[in-house]
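All remarks here apply to the structure that follows.
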Amino acid sequence: MTPARLVASGFGVGFSPAAPGTAGSLLALLLAIPLFPLPYALPIAILIATAAGLWAIPTALKTDAERSKDPGWVVIDEIAGQWITLLGLAQLTWLGVAAAFALFRLLDITKPGPIGWADRQHGAVGVMADDIIAGIIGALILAAIGQITRYLAG
């Protein structure tokens with residue numbers, strides 16, 4: 001396996017026979033848990049994953065036909081998007097992580113509004129953009145829920 005395919009597939013997780021996107025999101029959660037409490041570690045990891053995806057995706061996809069779509073085994077985009085969603089949590093709790101996972105997967109699968117638009121774009125930017133936008137929307141929703149629950153509890 002080439003280094004580009006290794007990165008694009010989330011170190012092989014994308015080759016899961018069932019639900020590779022979900023497997024990529026679960027990998028992202030496992031990798032994020034130790035990063036979350038460290039200042040700036042998760043945002044730096046997001047930048048690295050995004051840059052790695054923008055390099056690895058066009059390098060790993062051999063033909064123009066492959067480059068024109070988002071192959072299921074490419075999950076570096078899910079990793080970056082899932083990490084972005086986690087930024088909406090004020091603190092790391094099991095309930096928060098579960099909510100971030102469920103919300104990101106829902107947005108990534110249903111692709112409402114700008115997520116669907118980004119998904120229809122071609123190349124590595126299109127592959128990465130829909131998950132990044134889903135992550136941003138997910139983070140904003142989680143942050144809003146956190147604010148509302150603190151207000152109601154307070």
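Every number here is computed from the coordinates shown, using simple stated rules; none is lab data. Remember, predicted model here, so these are calculated numbers, not experimental data. Positions of Cβ are generated from backbone atoms using ideal geometry, with glycine treated the same way; all protein chains shown enter the neighbour counts.
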Comparing LEU142, LEU38, LEU89, which has the greatest mean-square fluctuation in the GNM of the chain with Cα pairs linked when under 10 Å apart? LEU38
Simple SL model, points at 7 angstrom along Cα→Cβ for LYS111 and ILE148; separation in nm is 2.7
Please compute the net charge surrounding THR110, taking Lys and Arg as +1 and Asp and Glu as -1 over other residues with Cβ under 12 Å from its Cβ. -1
Looking only at Cα atoms, what is the convex hull volume of the stretch 1-84 per residue, in Å³? 83
Relative contact order of the chain, defined on C-alpha pairs under 8 angstrom at six or more residues apart (%): 28
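Could you compute Rg(Cα) / (2.2 N^0.38 Å) for the stretch 87-139, with N its residue count?
Computed over Cα atoms of the stretch 87-139, the ratio equals 1.20.
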Quick numbers on the chain, Rg and Dmax over C-alpha atoms in Å, give 15.3, 56
Alpha carbon convex hull of the stretch 46-130, volume per residue in cubic angstrom: 90
Apply the Karplus curve 6.51 cos²θ - 1.76 cosθ + 1.60, θ = phi - 60°, to the phi angles in the stretch 106-119 and return the couplings in whole Hz, x for Gly and Pro. 4, 5, 5, 7, 7, 6, x, x, x, 5, x, 4, 4, 4
Before rounding to the nearest 500, sum -39500 (n - 2.57) across all DSSP H runs of length at least 4 in the chain and divide by the residue total; then give [θ] at 222 nm in deg cm²/dmol. -23000 deg cm²/dmol
Max mean-square fluctuation residue, GNM over the chain, Cα-Cα springs under 10 Å, options ALA52, ALA19, ALA99: ALA19
Most mobile of ALA129, ALA23, ALA41 per a Gaussian network model of the chain (Cα springs, under 10 Å)? ALA41
Given an 8 Å cut-off on Cα distances and at least 6 residues of separation, report the relative contact order of the stretch 112-154 as a percent. 29
